[in-house]
1. What ³J(HN,Hα) values, in whole Hz, does the Karplus curve 6.51 cos²θ - 1.76 cosθ + 1.60 give for the range 186-199 when θ = phi - 60°, with x put for Gly and Pro?
2. So between Leu17 and Ser54, what do we pick up on full extension, going 0.36 nm a residue minus the alpha carbon distance?
3. Can you pull out the trypsin sites (Lys or Arg not before Pro) in the range 241-315 that DSSP calls coil and that have at most 13 other Cβ atoms within 10 Å?
4. Report, in debye and to the nearest 20, how large the dipole of the range 186-273 comes out about its Cα centre when Lys and Arg carry +1 and Asp and Glu carry -1 on their Cβ.
5. Can you list the lysines whose alpha carbon is less than 20 Å from that of Lys189, not counting same-chain residues fewer than 8 positions off?
6. Quick one: length gained pulling Ala245 to Arg264 fully straight, 0.36 nm per residue minus the C-alpha distance?
7. Given the range 217-326, what percent of its DSSP beta bridges are antiparallel, to the nearest 5?
8. Test of understanding: what is the full-extension gain from Ile125 to Arg296, defined as 0.36 nm times their sequence separation minus their Cα-Cα distance?
Amino acid sequence: MTPPGAPSRSERCYGVLLWLYPAAFRRQFGRDMRELFRDRQRDAQAHMGGGVVSLWCRVLLDLCSSAAREHGDQVREWCRNQLVPPPPRRSAPTSGDSMFETLRYDLRHTFRMLRKSPTFTVVAILVIALGSGAVTTIFSAANALILRPLPQVTDPARVFDITRTEDHGNGSMSPSYPFYTHIRDEARKFDGIAAWAMMQVTLSTGAQGTATFANMVSANYFTVLGVRPQLGRFFVAEEDRTPGAHPVIVLSDGFWHRRFGADRSIVGKSVMVNGAPYTVIGVAPHAFSGVFPVIRTDAWVPLMMASQLGRDKEILTSAASGWLTLFGRLKPG
């Protein structure tokens, strides 16, 4: 348990990540960055698991890109102050030289500079490696979230995120359940609008439990995506009406294979979710991991089970509790 006033584990992890920056930068801005992270974390925790996960995704991308930029600026400044180009061993190539002659001259000059300044060489290699890693990380996230179509989703070009903005358009805010039901019932340009929220749960099939991520979803979640079950069925409207009345669960293909050996008789059996029994009604298709594929999702349960899974009892009725993420499928044309 963290003593009162002591940094949380997330804050200590963030402090370690700040060592990616140059020492001078940490001394000047480290304290302000920690305080900003503490405020952002407090806001994210109000959105439960999904807000914290989203915060850490943004933090990691921001740290990688900005740390690489700061190291690059430092190297350029050091070069301006310290490096003096040595006299060439022969005259520089003239306009009449071939392209290969010019390239060979530039490479020889570069290698001499690097050999004469080993400190600069090491720093340059580290900066290039850090920058390449940041670019790779950013592209991988963008590829998974934006560029690559969601597997098993029918006509994904018609599926869109729906974001709620604050007054005057100054930022976004998470929708509440009453907000979701209102636009779900009033929307005219969508075939359907679905809601979901991420949470961490413990799934167990006996004595052994597995900590993993699950999604609480509206009954039309899979219908709006156009995803078909591999086994059994998905949720029906009745399971999305009465809070706490239907403890049912859909398993991912991966969890079904890992924990049940792809046993096709799994439908109708029970698994424990945070210590409570839930009846398995279906298995999602292969490779489907929800609409946020960066994080593997192993199960889906109805939104109506939110209170039983640790959320506030008023979360399904309070318009002030923003905790959902929405998406919809546009009508043809």
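None of the figures in this text is laboratory data; all of them are computed from the coordinates on show. The model shown is predicted, which means the values in this text are computed figures rather than measured ones. Note that we place each Cβ from the backbone using ideal geometry, even for glycine, and neighbour counts take in every protein chain shown.
1. With coefficients 6.51, -1.76 and 1.60, one gets 9, 5, 10, 9, 10, 6, x, 10, 10, 10, 7, 8, 8, 8 Hz.
2. Working: separation 37, 0.36 × 37 = 13.32 nm, distance 1.71 nm.
Computed gain between Leu17 and Ser54 is 11.6 nm.
3. Numbers: sites: Arg241, Arg258, Arg259, Arg264, Lys269, Arg296, Arg311, Lys313; in loops: Arg241, Arg264, Lys269, Arg296, Arg311, Lys313.
Within the range 241-315, the qualifying trypsin sites (Lys or Arg not before Pro) (loop, at most 13 other Cβ atoms within 10 Å) are Arg241, Arg264, Lys269, Arg296, Lys313.
4. Details: 9 positive and 7 negative charges, 40 e Å.
So the magnitude is around 200 debye.
5. Lys331
6. Working: separation 19, 0.36 × 19 = 6.84 nm, distance 2.59 nm.
Full extension of this stretch gives 4.3 nm more.
7. Numbers: 8 of 13 bridges.
Of those bridges, close to 60 percent are antiparallel.
8. On the way: separation 171, 0.36 × 171 = 61.56 nm, distance 3.39 nm.
Using 0.36 nm per residue and subtracting the Cα-Cα distance, I get 58.2 nm.
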